[in-house]
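Just so you know, all these numbers are worked out from the coordinates, no wet-lab data involved. Just so we're clear, the structure is a prediction, and the values are computed from it rather than from any experiment. All Cβ positions, even for glycine, are placed from backbone atoms using ideal geometry, and neighbour counts span all protein chains on display.
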């Protein structure tokens, strides 16, 4: 391994790289071309996914490492880090954006196949586009429904009733039910169930909690009720889901 005695890059190295790039006919994309995927990302446009995948191609990027696999990982980290900043600008909560970034970078670090890393970047961008669109949708919601969503997000592991939510936002229960359905496309009960099932999916795949522990921690009245609702939403029983999607690497961290 080379030893570097100074923190600064020697100007000769910079010139050598410029000559090398010129010799192989490589020119970095223009700023406009390079920023296109981030423009799409901030708009919640799925074209960001294909654009991000395209820019992982060797012909579109410089060489960050002489090792092809390490080079792909470095490019992944750069693209992911920049993407996280742009989705924060689009309104995605900072901690959410960074948590997603950290998890995807950890997953990329474990990979040993360049195509898998490129496909993982598509998954990251899909996740970020979804988060941006969630923010955009919330920005068009009424204050009362927004308050309901925030309340549910903070109390989904407790029993929540329509009457309780209606009192919280100071609306008639029947009116709130109709308003929520109109703006969200689901009833309040359906939305709460969906939220709980999403959390249950993560717990089944990433932890070793028992089915009963997960059921009661998410305020299902029984394990059998949890299994019934989970299957209605996912097509799997909790056991089938864990058997298929359990990630032993994450669960042991």
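Values for this structure:
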quantity: Distance between modelled label sites at residue 194 and residue 246, nm, 7 Å Cα→Cβ extension; calculated: 2.9 nm
quantity: Extension gain (nm, one decimal) between residue 151 and residue 47, 0.36 nm per residue minus Cα-Cα; calculated: 34.1 nm
quantity: Residues 149, 41, sorted so that the one with the fewest Cβ neighbours within 10 Å comes first; calculated: 149, 41
quantity: 131, 232, 116 arranged by Cβ crowding within 10 Å, fewest neighbours leading; calculated: 232, 116, 131
quantity: Ascending count of other beta-carbon atoms within 10 Å, so fewest first, for 155, 225; calculated: 225, 155
